[in-house]
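Worksheet: the structure to be examined is printed underneath.
Rule-based calculations on the coordinates, nothing more; no lab input. Every value quoted in this text rests on a predicted model; they were computed, and no experiment measured them. Ideal geometry is used to build each Cβ from the backbone, glycine not excepted, and the neighbour counts take in all protein chains shown.
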Amino acid sequence: MKLKKDNADPEIPTSSMADIAFLLIIYFMVTTTFAATRGLDFSLPQEDNEQPMVEKEESVLIEIQPAGILMVDQKRMDIDDILEYLKPKLERNPMKPVIIRPLETTEYGHMVAVFDEIRQAKDKIGIEVKNVSIPTQREIEMFWY
Amino acid sequence: MKIRPRSVQNQGIPTASMADIAFLLIIFFMVTISFEVDKTQVALPKTDLRFEIPKKAAYISVTETGQIRVSSGEEISVPVPGPEEVLSFAAQVVAADPSKPFVLKADRDVPYRYVDRVIDALKQAKAEVIYLLSEQETVDDAA
């Protein structure tokens, strides 16, 4: 009996490799969600027992009312004017405490906007606001008088 | 004069390196993909300053209606009934790693009282740093 010689190509067929690869790319592109991985850092005080009592008169109090209405030391102010208001005070005392106090019904975004503005003090007015605090309602009830 | 025979060139587009390019792209996507531990849909506040959040940070999300979800950064976030549970969650996380950063992913329109209670819980749990997750503010937003 005559045996038939096998003339099959010994190479691995790679012609569909690109198709498979591009399908995988499309899968990754569709399923990838660009996660927001950036934000404003906010260091919390650690020495809870030695919390210094800040007299209200010494500090700058920024009260944030709903819809973003700002009362800085009881005076109505725009967000863009806060740093100019703080500048002479910080020049006299770089450790001047700045207290951000949003009201309960204020939208969170307005608090972040004010905090962002104050954190940019070094770039905008050349002085860093070193002593910023955002006391919580519990702390206000415990420590303020 | 002897005319040289017309050269027979292959008219096809060379696709041999297509698979290599495609696999390079796949590797890029696989390396850069980051699995979100919290997929809560919130409208983030917008800020000019934004700093990179460390990997494996613990997440606390607060929706516009005040619903809270927490994740230690290792697993998918789970809902919690209220801020009291945030305190016990944060205390566990801080006990395991005292320098663990927390990410607060709160909706920009949520009333501040919800966020206040979460921040208070983190302060009581002796968390060191909170990142307020935000989006980049653009020129159009500021105008």
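Between residue A:74 and residue B:138, what FRET efficiency follows from the Cβ-Cβ distance if R0 is 41 Å, with the result rounded to 0.05?
On the way: r = 33 Å, r/R0 = 0.81.
Once the sixth-power term is evaluated, E becomes 0.80.
Have a look at B:29, B:89, B:51 and tell me which one the Gaussian network model of chain B (Cα, springs below 10 Å) gives the largest fluctuation. Of B:29, B:89, B:51, the Gaussian network model singles out B:29 as fluctuating most. Beyond 28 Å in Cα-Cα separation lie the following of the pairs A:96/B:55; A:89/B:105; A:75/B:46; A:124/B:39; A:87/B:56: A:96/B:55; A:89/B:105; A:124/B:39; A:87/B:56.
To the nearest ten degrees, helix B:83-96 and the longest principal axis of the Cα atoms of chain B are 70 degrees apart.
Size of segment A:62-143: Rg and Dmax of its alpha carbons, in Å, are 12.4, 35. Relative contact order for segment B:57-143: 32 percent, from Cα pairs under 8 Å spaced at least 6 residues apart, divided by residue count. Build a GNM of chain B with springs between Cα atoms under 10 Å apart, and of B:125, B:106, B:22 the one that fluctuates most is B:22.
Three principal axis extents describe the C-alpha atoms of chain B; from largest down they are 98, 43, 24 Å. When each of A:132, B:78 is scored by the number of other beta-carbon atoms lying within 10 Å, the sequence from fewest to most is B:78, A:132.
Separation of segment B:45-62 from segment B:68-126 is 13 Å, based on Cα centroids.
The string of couplings for segment A:97-104 from the Karplus curve (6.51, -1.76, 1.60, θ = phi - 60°) is x, 10, 10, 9, 10, x, 6, 4 Hz, one whole number per residue in order, with x for Gly and Pro.
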